[in-house]
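Undergrad: Here's a structure for you.
The values are calculated or read from the model by the stated rules, or taken from the named source; none is laboratory data. Values in this document were obtained by computation on a predicted structure and should not be read as measured data. Here the Cβ positions follow ideal geometry from the backbone for every residue, glycine too, while neighbour counts run over all protein chains shown. What goes into the accessible areas is simple: the full protein's heavy atoms, side chains included, and nothing from ligands, DNA or RNA. Shrake-Rupley method; radii C 1.70, N 1.55, O 1.52, S 1.80 Å.
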Amino acid sequence: TCDDCLLEFFDSNHRRYHYPFLNCTNCGPRLTIIQSAPYDRERTTMSAFTMCESCQAEYDDPTDRRFHAQPTACSKCGPHLSSLPESDSPLLTMTRALVGGKIVALKGLGGYHLCCDARSEETVLRLRQRKHREEKPFAIMLRDLDQVRNFCEVNEIEAKMLTAPSRPIVLLKKQSEIEIAEAVAPRNRQLGVMLPSTPWHHFLMHQAPFPIVMTSGNLTDEPIAYQDDGAIQRLGPIADVMVTHNRPIHLRCDDSVSRCVAGEFAILRRARGFAPSPIRLPFEIREPILALGGQMKSTFALGRDRHAILSHHLGELGYLDAFQAYQQTIEHYQDLFNINPQLLAHDLHPDYASTRYAKQRASRLLGVQHHHAHLASCMAEHGLHERTLGVIFDGTGFGTDETIWGGEFLVGDYHDFDRVLHLRPVLMIGGEKAVREPWRMALSHLLDAGLPLDHLCSRVDPQSVRVVEQMWTRKLNTVPTSSMGRLFDAVAVLAGLREAVSFEGQAAMDLEQVSDAVSDHIYPFEVGSEIDTRPMIRAIMQDRQQSVDASVIGRRFHSTVVQMIVQGCERVGVENVALSGGCFMNALLTEETSRELTQRGFRVYRQCQVPCNDGGLSLGQLAIAAAFQS
């Protein structure tokens, strides 16, 4: 909501005083209400609301800031809020419910949020139990920047991110001893914070000026609820009170997530406020392309002329509801932008839902290697053409040798790449189970380094350890992986942080969180035809035997990974270096790597407009497909 509309909203003499749907051409809903192009009121979900004389006069006046503002409305002619249980004042009902320790489902711009008092440990734990979200952090909403500074450290870039019209969630470092329940972000030194984005959010934060949990209205990993009937059915068992409205949401859209990394804004989840803003490409696309992204943190991209139109974040495609939403959203974007793709680009992994969708839909297909797409995504964002060294560190990606890659040094451009260096592969035992139970990766690294499993047997069921050890010995249900993400998981286990996770990347997040000790030295490793991590694993276990704290082990590990990158880049000798892959969401790793490489004369490129994680894959696939056409 823009400042001009906010002035009206809080002006008791204005006809839109406290009207929760006021907007103008400078603010208000767009993507989530558009049903088809061109963008006119009759093709939006506002078509059912006939403007009153006053609103129509503003809409028709070229000098008015509501001239052709398609969602314009007022309390006489526009949408209104309602609540379950019914109330004359839904927002006041919501405020009282929150003060009283209840959980509220609130319909927002792109779907429902689940809300509660972020100060109450009991209430937040109850929300976790009902939502089936064990430990993954919740975001909170605060009233304004002054209030944010009471809870978190905020630099100039973070302040701009928080107050931008896009209003993303921003990851911020917590202040010490704040009145926020530990259950909001367990074992985490950061908070995901956002400021109000809609008029009813502003009203709520003025009536209840305390931190409020504002998390997606869904069960864990399901798509966000956005249609009223489905929301009542899905969220009714979670929420004590529901506050909804009668302006339909045509397209669900989550909140965007961002972080300040190495002094720059970086988008981690691109959704509300950013999508579907196009990204200009450094080359022309000869015929329309659809790039289908990956499986996790899914997005797709449509390309035409010199523009890439990235979808908003669509989540994990392993769930039927999410995959159906993915298909419907592709059709909607194609219609909205009048793009009929002639070539479809997809990941090489045969079991990705996006890959299966591509093969069912078209005969003109291009398979793109996962980490090549990460490299091309970073290059496309920065308009690079020359061959570039990509340091691509992530969790998993299907390699051209049908093993799982993820700790890669690739030299390439949009046409091809050479895998010039990678981490020493170890066995990933049990496939995806190794992601959920990272102790399996720790076991694999210990055995690979010739070390005993006593450390694991004291913390994991010894019978389970023996079974998995046999799988490793006999190579049963195993696949080699060079993944840096899985190495982070293993070190988190060896450092004593956790043996299992409740969400992807949790162990690596924990390792980053604790690594606040002073960096005193690095662990040994060897760089030959591959980066041998066995000396490092042996040194980490020596530290554990000497009761070195996890914060010290974590810090030494991060410094070691930085030096692996530096030595790898110096060995390859390519001046342009692109850092991409989900591991570079880690601010400590990214900041130190960028500084060390820059000091040695390398030109370092990182993603900011699109995520460095799998949310940016579709842009890279699109760029590679465009090069394939040329």
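Residues checked against (1) under 25 Å from Arg30 (Cβ atoms); (2) touching a Leu at 6+ places or on another chain (Cβ under 9 Å); (3) in a helix (DSSP H, G or I); (4) open to solvent by 20 Å² or more (accessible area, probe 1.4 Å):
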residue	(1), (2), (3), (4)
Ile140	no, yes, no, no
Ile157	no, no, yes, yes
Gly192	yes, yes, no, no
Thr220	no, no, no, yes
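Undergrad: Kindly list the number of the only condition in (1) under 27 Å from Leu195 (Cα atoms); (2) open to solvent by 20 Å² or more (accessible area, probe 1.4 Å); (3) assigned to a loop (DSSP other than H, G, I, E, B) that fails for Ala275.
TA: Condition (2) is where Ala275 drops out.
Undergrad: Please work out if Thr403 is over 23 Å from the mean Cα position of the chain (by Cα), hydroxyl-bearing (Ser, Thr, Tyr) and surrounded by fewer than 23 Cβ atoms within 10 Å (Cβ to Cβ).
TA: In short, yes.
Undergrad: When Met484 is evaluated against the numbered criteria (1) aliphatic (A, V, I, L, M); (2) under 20 Å from Leu348 (Cα atoms); (3) surrounded by fewer than 23 Cβ atoms within 10 Å (Cβ to Cβ); (4) in contact with a Cys (Cβ under 7 Å, 6 or more places away or on another chain), which criterion, by number, is the only one it fails?
TA: Every listed condition holds for Met484 apart from (3).
Undergrad: Follow-up. Is it the case that some residue within the range 534-551 is within 29 Å of the chain's Cα centre (by Cα) and surrounded by fewer than 24 Cβ atoms within 10 Å (Cβ to Cβ)?
TA: Yes, the range 534-551 contains a residue that is within 29 Å of the chain's Cα centre (by Cα) and surrounded by fewer than 24 Cβ atoms within 10 Å (Cβ to Cβ).
Undergrad: Check whether at least one residue in the range 292-312 is in a strand (DSSP E or B), of a type in the set (Asp, Glu) and either buried (at least 24 other Cβ atoms within 10 Å of the Cβ) or on the phi < 0 side of the Ramachandran plot (or both), and report yes or no.
TA: So far as the range 292-312 goes, no, none of its residues is in a strand (DSSP E or B), of a type in the set (Asp, Glu) and either buried (at least 24 other Cβ atoms within 10 Å of the Cβ) or on the phi < 0 side of the Ramachandran plot (or both).
Undergrad: Then there's this: Name the single residue, out of those in the range 225-246 being open to solvent by 10 Å² or more (accessible area, probe 1.4 Å) and assigned to a loop (DSSP other than H, G, I, E, B), that is nearest to Cys74 (Cα to Cα).
TA: The selected residue is Asn246.
Undergrad: Considering only the range 336-378, state which residues are part of a helix (DSSP H, G or I) and more than 26 Å from the chain's Cα centre (by Cα).
TA: Answer for the range 336-378, where residues must be part of a helix (DSSP H, G or I) and more than 26 Å from the chain's Cα centre (by Cα): Lys359, Gln360, Arg361.
Undergrad: Sticking with this structure for a sec: Would you please list the contacts, defined by Cβ atoms under 8 Å and residues six or more apart or on different chains, that run from a residue in the range 561-582 that is basic (Lys, Arg) to a residue that is modelled with pLDDT of 95 or more and not in a helix (DSSP H, G or I)?
TA: Listed by first residue and then by second, the contacts come to Arg571/Leu421; Arg571/Val527.
So that you can scan it fast, the table gives a plain yes or no per residue for (1) in a loop (DSSP other than H, G, I, E, B); (2) more than 27 Å from Val241 (Cα to Cα):
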site	(1), (2)
Arg30	yes, yes
Gln56	no, yes
Pro62	yes, yes
Thr72	yes, yes
Ser83	no, no
Asp88	yes, no
Gly110	yes, no
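Undergrad: Within the range 449-481, work out how many residues are open to solvent by 30 Å² or more (accessible area, probe 1.4 Å) and over 20 Å from Leu497 (Cα atoms).
TA: 16
Undergrad: Within 32 Å of the chain's Cα centre (by Cα) and within 20 Å of Arg534 (Cα to Cα): is that true of Leu421 in this structure?
TA: Yes; evaluated as a whole, the condition is true for this residue.
Undergrad: Is it the case, given these coordinates, that His385 is open to solvent by 10 Å² or more (accessible area, probe 1.4 Å), under 21 Å from Val610 (Cα atoms) and in a strand (DSSP E or B)?
TA: Against the criterion (open to solvent by 10 Å² or more (accessible area, probe 1.4 Å), under 21 Å from Val610 (Cα atoms) and in a strand (DSSP E or B)), His385 does not qualify.
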